[in-house]
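The values are calculated or read from the model by the stated rules, or taken from the named source; none is laboratory data. Quick caveat, the model's predicted, so the values are computed rather than measured. We place every Cβ from the backbone using ideal geometry, glycine too, and count neighbours over all the protein chains shown.
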Amino acid sequence: MNRFADEAVIEVFSGKGGNGSVAFRREKFVPNGGPAGGDGGRGGDVVFTVRNNLRTLSHLRYTQKYKAENGRDGEGSQRYGRNGKDVVIPVPPGTVLRVASTGELVRDFGKDRGDFLYLKGGNGGWGNVHFKSSVNQAPRRALPGKPSESRTLHVEMRIMADLGFVGFPNAGKSSLLDRWTNARPKIAPYPFTTKIPNLGVLTLHERDIVLADIPGLIEGASEGAGLGIQFLKHISRSAALAFLIDLSDDAYLDAFTILSAELAAFSDAMLEKKRILVGTKLDLDGTAERLVELQNKHPGEKVMGISVFSGAGVKELGEEVLTLTAATAAT
């Protein structure tokens with residue numbers, strides 16, 4: 001079963017404040033004891049926290065209602081009610097919270113990574129001990145706890161990576177991710193093997209580079225064609241892009257132009273990212289000549305060739321990616 005999920009709709013509820021108590025001292029030899037009603041406890045808060053080990057929102061699909069605990073009521077002898085426990089909702093880095101009904105942005109965890117207190121629990125009500133006065137020695141008044149709050153949220157995860165792989169199906173993205181990391185994506189010689197985004201970490205010279213491989217794009221992806229449209233948003237969070245182009249495909253010279261158009265149709269900001277063009281399958285006949293033609297077609301771009309099968313160019317590409325992502329991180 002595919003348990004990857006990058007969107008969810010959830011309901012969150014803060015805790016209600018506990019009611020204040022009406023009570024009086026009842027002690028031996030104190031027949032007319034004064035007020036002794038304690039305050040109610042405060043309701044629990046709704047808190048979101050970023051967990052770096054999370055890579056999906058599937059846990060929010062299975063549990064769609066999150067309720068903080070209500071505060072306990074106050075009691076006699078000025079005993080205060082216990083505060084309600086907070087409900088803490090873990091989310092992956094890059095998660096975006098929006099009000100479901102309006103789309104209003106609540107929090108972007110790609111920019112703000114700390115814990116986020118979203119809804120505060122209701123305050124507890126005062127017990128009757130607060131209402132004693134010179135003219136009212138035995139008040140029979142207490143306040144109820146403040147009510148809870150609830151919201152319905154649309155939660156969306158956008159993968160954050162140093163380098164995002166972009167390419168047509170079967171361009172070799174998953175193979176390169178497998179070569180460089182321990183991500184072990186599904187690989188096969190037919191299109192659309194990748195059905196969900198895959199993440200891996202390339203470690204070079206004691207620096208970790210997070211890589212993201214999304215399902216292959218096809219022409220018209222930005223309008224909903226194929227699988228890639230569902231995951232373009234993940235690439236939008238990548239700091240830099242690697243365009244993987246299959247040199248054994250007869251349309252190799254047009255690939256970068258088509259891919260760029262699809263990214264621009266999704267967001268103009270996509271083409272402002274630093275990028276590198278990677279010709280793949282350099283071990284096949286005729287691809288070396290095609291790599292030269294690709295370089296000549298795009299003289300203003302950095303174009304490199306690799307073969308994951310033979311290892312040709314893979315080390316050199318890694319060094320270039322290190323330089324590219326280091327420059328991106330510094331800006």
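Can you pull out the residues in the range 94-149 that are under 24 Å from Leu54 (Cβ atoms) and either of a type in the set (Ser, Thr, Tyr) or not assigned by TED's automatic domain parsing to the domain that holds Val9 (or both)? Scanning the range 94-149 gives Thr95, Tyr118.
Among the residues making up the range 252-292, those that are over 28 Å from the mean Cα position of the chain (by Cα) and among the small types (Gly, Ala, Ser) are Ala255, Gly279, Gly286, Ala288.
Scoring Leu177 on the criteria (1) aliphatic (A, V, I, L, M); (2) in a loop (DSSP other than H, G, I, E, B); (3) at pLDDT below 90 leaves a single failure, condition (2).
Of the residues examined, Val166 is one that is within 30 Å of Leu282 (Cα to Cα), among the β-branched types (Val, Ile, Thr), in contact (Cβ under 8 Å) with a residue 24 or more places away in the chain and not in a loop (DSSP other than H, G, I, E, B).
For the subset of the range 110-152 comprising residues that are under 14 Å from the mean Cα position of the chain (by Cα) and modelled with pLDDT of 90 or more, which member is surrounded by the fewest Cβ atoms within 10 Å (Cβ to Cβ)? Out of the qualifying residues, it is Asp115. Which condition number in (1) surrounded by fewer than 20 Cβ atoms within 10 Å (Cβ to Cβ); (2) within 30 Å of Gly200 (Cα to Cα); (3) touching a strand residue (DSSP E or B) at 6+ places or on another chain (Cβ under 8 Å) is the one that Gly94 fails? For Gly94, the failing item is (1). If the condition is being part of a strand (DSSP E or B) and small (Gly, Ala, Ser), then the range 266-288 contributes only Gly279. When the range 247-273 is filtered for residues that are more than 24 Å from Asp285 (Cα to Cα) and of a type in the set (Asp, Glu), the ones remaining, listed by number, are Glu262, Asp268, Glu272.
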